[in-house]
1. Output the 0 to 90 degree angle, nearest 10, between the alpha-carbon long axis of helix 83-103 and the longest principal axis computed from the alpha carbons of the chain.
2. Note down the magnitude of the dipole of the range 1-53 about its Cα centre, charges +1 on Lys and Arg C-beta and -1 on Asp and Glu C-beta and zero elsewhere, to the nearest 20 debye.
3. Given labels modelled 7 Å from the Cα in the Cβ direction, how far is it in nm from Leu87 to Ala30?
4. Would you work out the charge dipole size for the chain about its Cα centre, treating the Cβ of every Lys and Arg as +1 and the Cβ of every Asp and Glu as -1, and quote it to the nearest 20 debye?
5. How many Å³ per residue does the convex hull of the Cα positions in the chain occupy?
6. Cα axis of helix 72-81 to longest principal axis of the chain: angle in degrees, 0 to 90, nearest 10?
7. Against the longest alpha carbon principal axis of the chain, how many degrees, from 0 to 90 and to the nearest 10, is the axis of helix 2-52 turned?
8. What are the extents of the Cα atoms of the range 1-53 along their three principal axes, in Å, largest first?
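Each value in this text was obtained by applying a stated rule to the coordinates, not by laboratory testing. The model shown is predicted, which means the values in this text are computed figures rather than measured ones. So basically every Cβ, Gly included, is an ideal-geometry build from the backbone, and we count neighbours across all protein chains shown.
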Amino acid sequence: MINDLLDWLYEQWQAFIEWCYEILVFILDALMWVALQVFEKALEGFRYIFAMIDPPQFIQSGISQFSGAIPPEVGYLLGATGFSEALGIIGIGYTFRLTRKVLTLFQW
């Protein structure tokens, strides 16, 4: 008789612990869902802001028009010295820096 009572109390306690665990998991899932929704809206806001920024005029008209104005002698010198590769490396550096700043929410 006392063993049956202790077994019943043990089962009730286990059921209560499982219920508390399920509530905790539900709350954590809800918080994760809210965080993902906020992050999605923030990304949509960034996309909207970046879409509002107009590109510079020389990019809209094309880089070929910009580079077409360079005399052939200067073009040869720039090609022989690796100027385009240097600009590429600088561009990658700036891209990395700006990406790092955006991903860390401008903390760096």
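1. Around 30 degrees separate the two axes.
2. Value, rounded to 20: 560 debye.
3. So the two model labels end up 5.6 nm from each other.
4. The dipole magnitude comes to about 960 debye.
5. Once divided by residue count, the hull of the chain is 169 Å³.
6. 50 degrees
7. 20 degrees
8. Ordered largest first, the range 1-53 gives principal extents of 78, 6, 5 Å.
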